[in-house]
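A short write-up of the structure that comes next.
Every number in this text was worked out from the coordinates using simple rules, so none of it is lab data. For clarity, every value in this text was computed on a predicted model and none was experimentally measured. Methodologically, a virtual Cβ is constructed for each residue, glycine included, from the backbone with ideal geometry; neighbour enumeration extends over all protein chains shown.
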Amino acid sequence: MQITINSADLKNDSPLPQIYRVRQRWATAPLADVPGATRAQLDALGLRARLGPGMRVAVTAGSRGIRDIVPVTRAAVAWLRDAGAEPFIVPAMGSHGGATAAGQAAMLASLGITEASVGCPIHSSMEVVQVGSIADGTPVFMDRLAYEADGVLAINRVKTHTSFDGPIESGLAKICAVGLGKRQGAETVHRTAVYGLRHQMVPMARVVVERGKVLGGIAIIEDAREHTAEVVALPPDQIGGEGEARLLARSKVAMARLPFDRIDVLVVDELGKNISGTGMDTNVIGRLPIPGEPPLPSPVINVIVVLDLTAETHGNANGMGLADITTMRLAGKVDFHATYINVLTAGLVGLCKGGLPVTLPTGHDAVATAVKVCGQADPANARLVRIRNTLLLEELLVSAPLLPEVEAHPDLDLLGPAEWEGLD
């Protein structure tokens, strides 16, 4: 997409506020041996008795940037092969990757999931079969390759969803109902907005589990630093059940957040589908602009600036509509076809997140303008925070008006002055 901005009125060469480097401190205990924990959990699940020689097992792989997804998947594949099965990977990501088989395979490769890295073939297709329906008549779809396998092992991170609150949110049930449902399944869940996610997703997942020969699931919980804190194998009856609900509750306690309740300007260096389904995690930025849904209580952020897209998102800029101001650099990287397919598949939940924000020539213009319009009469009073993305929140850059809160916070360390970089 060619974007040209000629008006000098949109340039803003005002000096930017002095910023300071701050570190959040969290008490975390990441797993020392993630592959070993994966194997141990699969042993405890008791699957060996259910696996016959040559049994073809589809292993799910989603589109999120999960830190240890490659070692977890590789360990699961090796365990299945040792048990006599013939595992293969199926992309389980709804409409992501432009809703094409090649695009979904490319998405996996960008996350490090290749035949070489995980030790088994990757079979990508957008073809689905209807495996049943739930009580209200809503159809349930499943990836045909996974359905025709002798069994399915679901792997996903369990975490807070970006569009609703409930006992089961993002995790194993979602990858079964939405991920393995491909575009049809994702559209079905999202067509009634939050209602579908909150009330239909789990029953749909249960149909997939029961009729799609799901052998079990491997749930990953990450800590505030995005390191793997737990790997837990769940039996089929606990996917979408009490077992998964308990894991979600634990993940919410561990989730990283911004340490300030009110921010005038938040500068986000990058957004992308590998970071969050909405590009930027709505739970971190405090924005949930879904009609009929109450706003998140905190943080309250007046202006959000997003500077760029991750390479791993392949131009999918879903979530850019959560920002107020962006740059020509980001706008020039947007694949509007991939973005709009993803946004429209999500229906009302996605529609409000797909618009291009006010687009300014450079990052400096974007940040300086945000400070100008953030609601502070004196720019020197602007409470500004800069982060790399909404996953990596251990180190922050903050402006001087936030320093008293930094000094008073028991889990924040002031590291010293910093410079503005990367605003070309």
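See the values below:
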{"quantity": "Flagged links, alpha-carbon separation over 28 Å, of LYS159/LYS213; LYS213/LYS252; LYS333/LYS372; LYS213/LYS353; LYS252/LYS353; LYS182/LYS353", "calculated": "LYS213/LYS252; LYS213/LYS353"}
{"quantity": "Peptides ranked, highest mean first, by Cβ atoms within 10 Å: ranges 324-333, 60-69", "calculated": "60-69, 324-333"}
{"quantity": "Residue among PRO71, PRO53, PRO17 with the largest mean-square fluctuation in a Gaussian network model of the chain, springs linking Cα atoms under 10 Å", "calculated": "PRO53"}
{"quantity": "Amide hydrogen neighbours beyond the local backbone of ILE89, cut-off 5 Å, H modeled", "calculated": "VAL59, ILE122, HIS123"}
{"quantity": "Beta bridges per DSSP with both ends in the range 34-254, % antiparallel, nearest 5", "calculated": "45 percent"}
{"quantity": "Relative contact order (%) - the range 249-316, alpha-carbon pairs under 8 angstrom, separation at least six", "calculated": "42 percent"}
{"quantity": "Amide proton proximity set for ILE155, modelled H, under 5 Å, gap of 5+", "calculated": "THR60, ILE218"}
{"quantity": "C-alpha center-to-center spacing [the range 177-238, the range 346-384] in angstrom", "calculated": "34 Å"}
{"quantity": "Placed amide H near ASP308: partners under 5 Å, 5+ positions off or other chain", "calculated": "GLU270, LEU271"}
{"quantity": "Phi to ³J(HN,Hα) by Karplus 6.51 cos²θ - 1.76 cosθ + 1.60 over the range 123-132, Hz, x for Gly, Pro", "calculated": "10, 10, 8, 9, 6, 10, 10, 7, 9, x"}
{"quantity": "Fluctuation leader among GLY151, GLY103, GLY46 - the chain, Gaussian network, Cα springs under 10 angstrom", "calculated": "GLY46"}
{"quantity": "222 nm mean residue ellipticity, helices alone, for the chain (DSSP H n ≥ 4; -39,500 (n - 2.57); rounded to 500)", "calculated": "-7500 deg cm²/dmol"}
{"quantity": "Folded to 0 to 90 degrees: helix 201-211 orientation relative to the chain principal axis, Cα", "calculated": "30 degrees"}
{"quantity": "Within the range 34-254: Cβ-based charge dipole about Cα centre, in debye rounded to nearest 20 (Lys, Arg +1; Asp, Glu -1)", "calculated": "100 debye"}
{"quantity": "Folded to 0 to 90 degrees: helix 242-254 orientation relative to the chain principal axis, Cα", "calculated": "20 degrees"}
{"quantity": "Rounded tilt (10° steps) of 336-345 against the dominant C-alpha axis of the chain", "calculated": "60 degrees"}
{"quantity": "Filtered chymotrypsin sites (Phe, Trp or Tyr not before Pro), the range 332-424: DSSP coil and at most 13 other beta carbons within 10 Å", "calculated": "none"}
{"quantity": "Top positive-direction residue, dipole computed over the range 304-424 with Cβ charges, set ILE304, ASN389, THR339", "calculated": "THR339"}
{"quantity": "Under DSSP loop assignment and at most 14 Cβ neighbours within 10 Å, longest GluC sites (Glu not before Pro)-free interval of the chain", "calculated": "149-418"}
{"quantity": "Contact order normalised by residue count of the chain, Cα under 8 Å, 6+ apart, percent", "calculated": "21 percent"}
